[in-house]
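Just below is one structure, and these are the notes that go with it.
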Amino acid sequence: MDFVIKNWVLIAVALTSGGMLLWPVLRGGMGGGLGAAGAVHLINREKAIVVDVSEPDEYAAGHVGGARSVPFGQLEQRLPEVVKNKGLPLILVCATGARATRAVAVAKKLGYDKAQALDGGLRAWKDANLPVEKA
C-alpha cells in the first residue's frame, strides 16, 4: 500500500496511457464506420452499392466512382427506388463522413441491415489515393 501512495502519479500515468491505447479498439468495436480499404473490399468482393448522400453540387464536384447520388434530405424517399436489393452491402458516403453516419440510421430503419458509413468520407477516400469521378 505504501508503494501506491508514494507512486500515485506513476500509476495515474500508466492507467491513462493504457486507456488511451484501448480507446480506438473500444470505439471501433461499437459499430463504427468503414475504412477506405474495407470499402474497396466490399465493392469488389461483395458487390456493395455506394450511395453518396452529399448535396448535388458536392456530388458533381467529385464522388466515389460508380456512386449513386441520393441527397441526405431525400434519402428516406429515394433510397428504396435507387437500391432495390436490401441484402447487398450499402456504403454511404459524404464529404467528411458526418452525414453518412446519420444516413446509416435512416438506411437501417428502411431495412438495409448491411449499411455502413465510409469513415472520413470522400476526404479519406482521396487520402487513400482511390479514384474520384466528377459529374
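If you filter the range 65-75 down to residues that are touching a helix residue (DSSP H, G or I) at 6+ places or on another chain (Cβ under 6 Å) and not in a loop (DSSP other than H, G, I, E, B), you find that the one that is farthest from A128 (Cα to Cα) is L75.
Tally up the residues in the range 95-122 that are touching a strand residue (DSSP E or B) at 6+ places or on another chain (Cβ under 7 Å) and of a type outside the set (S, T, N, Q), please. Walk me through how you get there before you give the answer.
So in the range 95-122, the residues touching a strand residue (DSSP E or B) at 6+ places or on another chain (Cβ under 7 Å) come out as 97, 100-101, 103-104, 107-108, 112, 114-119, 121-122.
Filter once more, keeping what is of a type outside the set (S, T, N, Q): 97, 100, 103-104, 107-108, 112, 114-115, 117-119, 121-122.
The qualifying residues number 14.
Between L90, L79, which is in the same structural domain as W125 (by TED's automatic domain parsing), surrounded by 15 or more Cβ atoms within 10 Å (Cβ to Cβ) and over 15 Å from L118 (Cβ atoms)? Step through it out loud before you land on a result.
On the way: L90 fails: over 15 Å from L118 (Cβ atoms).
From the options L90, L79, the qualifying one is L79.
Give the residues of the range 40-64 that are under 19 Å from K84 (Cβ atoms), hydrophobic (A, V, I, L, M, F, W, C) and outside any loop (DSSP other than H, G, I, E, B), sorted by residue number. Across the range 40-64, the qualifying residues are L42, I43, I49, V50, V51.
Against the numbered list (1) closer than 14 Å to D119 by Cα; (2) out of contact with any helix residue (DSSP H, G or I) (no Cβ under 6 Å at 6 or more places or on another chain), D57 comes up short only at (1).
So, in the range 117-135, exactly how many residues are basic (K, R) and assigned to a helix (DSSP H, G or I)? Outline the logic, then answer.
Narrowing the range 117-135 to residues basic (K, R): 123, 126, 134.
Filter once more, so that each one left must be assigned to a helix (DSSP H, G or I): 123, 126.
The number of residues fulfilling the criteria is 2.
When each of G62, G66 is tested for being surrounded by fewer than 15 Cβ atoms within 10 Å (Cβ to Cβ) and small (G, A, S), the lone residue that passes is G66.
The values are calculated or read from the model by the stated rules, or taken from the named source; none is laboratory data. Since we're looking at a predicted model, the values are computed, not measured. Backbone-built Cβ (ideal geometry, glycine too); neighbour counts: all protein chains shown.
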